[in-house]
Amino acid sequence: MSGTGANPLQPVPAFSGQIPVCLLFWSFEVIMERVLVTGGAGFIGSHLCERLINEGSDVICLDNYFTGSKDNIRHLLGNNRFELVRHDVTTSYYAEVDKVYNLACPASPVHYQYNPIKTVKTSFYGALNMLGLAKRVKAKILQASTSEVYGDPDIHPQVESYWGHVNPVGARSCYDEGKRAAETLFMDYRRQHSLRIKIVRIFNTYGPRMNPNDGRVVSNFIVQALTGRDITIYGDGSQTRSFQYIDDLVEGLVRMMKTGDDFTGPVNIGNPDEFSMLQLAREVIRLTRSRSSIVFRPLPSDDPKQRKPDISLAFEKLDGWQPTVKLEDGLMKTIAYFDRIL
């Protein structure tokens, strides 16, 4: 004892009110959330990963690169809070995480109709595997569903209580019914296992990092305008969509994940401003100063004639969430991105 220089009878010094720096860092590491984002190298997923890292979370990005790209998350690779894993969600994955955002699935008709069986498997088995992971580690989990669950709607605008008007055997049903099945799985895991789930129905979203060849209307029109090709409208151009900028969507996803366990959704995340295809085409031509002409082609089967979200529930439950980016401002940012990469 004498060799230690300590007096066992000496009283313990009073607490000075200062916490050692090493303990502050230890405490910070303990409370830092670890988040899994499936489809994290995709258009939406990459923006979400970036947002979560900026908020101080550790992020595991899972992607098989079918529609995602390393270019979308290359700027994050040097960040010590970001981990990239090449993995297909149709097979099981194991990790200790606090939250899961299940975004993995091709979302444009060109991609999800390329291999429709794989699309259904991604929606169903991807949801099943991620729910199993969340159940094991007691994580909160969010499912990125879609406005496509409403099909070609009989009511307008679409509210969450509407069950939809979907063709279960059509060319688009691999995506529509896959997402509907995923929502069913999520609700059953909630009822049977008391899992903390969230379901969001995402309406048309656009912005930087969209794939220029994904066949979506915004990217199609911009690429055609910038390259001087004819702008192709399917149908007579009167069919409508609502377009939300990517930043508004990510804000909605993050707010939804932060809601209490008693609110599961589904909840619409979209922009209620409605535009016809002809209006969008003319706006893109104006903003790009293109000389492209507009040409019309036959409307594909099962293509919805109208699509517009009622966002009353999102405004109520997500702390007043509503889109803030106007179409012209969002299109300008998206045009600048495509102009840079083309």
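The values are calculated or read from the model by the stated rules, or taken from the named source; none is laboratory data. Given the structure is predicted, the values throughout are model-derived calculations rather than measurements. In this analysis, Cβ positions are derived from the backbone assuming ideal geometry, glycine residues included, and neighbour counts consider all displayed protein chains. Side chains are part of the model used for accessible areas, which takes the heavy atoms of the whole protein and leaves out ligands, DNA and RNA. Shrake-Rupley method; radii C 1.70, N 1.55, O 1.52, S 1.80 Å.
Checking ASP236 against (1) outside any helix (DSSP H, G or I); (2) farther than 28 Å from ARG297 by Cα, which single condition isn't satisfied?
(2)
Just name the residue that is nearest to GLN192 (Cα to Cα) out of those in region 105-119 that are hydrophobic (A, V, I, L, M, F, W, C) and open to solvent by 60 Å² or more (accessible area, probe 1.4 Å).
Applying the filter and picking the extreme gives ILE117.
Going by the structure shown, is GLY40 of a type in the set (Gly, Ala, Ser) and under 19 Å from GLU251 (Cα atoms)?
yes
Rundown of residues vs (1) surrounded by fewer than 16 Cβ atoms within 10 Å (Cβ to Cβ); (2) touching a strand residue (DSSP E or B) at 6+ places or on another chain (Cβ under 9 Å); (3) modelled with pLDDT under 95; (4) not β-branched (Val, Ile, Thr), yes/no style:
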{"site": "THR122", "(1), (2), (3), (4)": "no, no, yes, no"}
{"site": "TYR125", "(1), (2), (3), (4)": "no, no, no, yes"}
{"site": "LEU128", "(1), (2), (3), (4)": "no, no, no, yes"}
{"site": "LEU131", "(1), (2), (3), (4)": "no, yes, no, yes"}
{"site": "LEU142", "(1), (2), (3), (4)": "no, yes, no, yes"}
{"site": "GLY151", "(1), (2), (3), (4)": "no, yes, yes, yes"}
{"site": "ARG180", "(1), (2), (3), (4)": "no, yes, no, yes"}
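Of everything in region 40-62, what is in a helix (DSSP H, G or I), open to solvent by less than 10 Å² (accessible area, probe 1.4 Å) and of a type in the set (Val, Ile, Thr)? Give them in sequence order.
ILE53
For region 185-221, which positions are more than 23 Å from CYS49 (Cβ to Cβ), surrounded by fewer than 18 Cβ atoms within 10 Å (Cβ to Cβ) and modelled with pLDDT under 95?
Scanning region 185-221 gives a single hit, GLY215.
So which of ARG255, ARG201, ARG286 is among the basic types (Lys, Arg) and farther than 23 Å from GLU316 by Cα?
That would be ARG286, the only listed residue that is among the basic types (Lys, Arg) and farther than 23 Å from GLU316 by Cα.
With respect to the numbered conditions (1) among the hydroxyl-bearing types (Ser, Thr, Tyr); (2) at pLDDT below 95; (3) over 25 Å from ASP248 (Cα atoms); (4) part of a loop (DSSP other than H, G, I, E, B), which one is the sole condition not fulfilled by THR67?
So the condition that THR67 fails would be (3).
Can we say GLY237 is open to solvent by 10 Å² or more (accessible area, probe 1.4 Å), modelled with pLDDT under 95 and not polar (S, T, N, Q)?
no
Quick one: would you say ARG74 is without any contact (Cβ under 8 Å) to a residue 12 or more places away in the chain and more than 29 Å from PRO309 (Cα to Cα)?
Against the criterion (without any contact (Cβ under 8 Å) to a residue 12 or more places away in the chain and more than 29 Å from PRO309 (Cα to Cα)), ARG74 qualifies.
Is it the case that ASP88 is without any contact (Cβ under 8 Å) to a residue 12 or more places away in the chain, of a type outside the set (A, V, I, L, M) and either assigned to a loop (DSSP other than H, G, I, E, B) or within 25 Å of GLY252 (Cα to Cα) (or both)?
no
Looking only at region 222-234, which residues are open to solvent by 20 Å² or more (accessible area, probe 1.4 Å), more than 21 Å from PHE203 (Cβ to Cβ) and in contact with a Lys or Arg (Cβ under 9 Å, 6 or more places away or on another chain)?
Selection gives GLY228, THR232.
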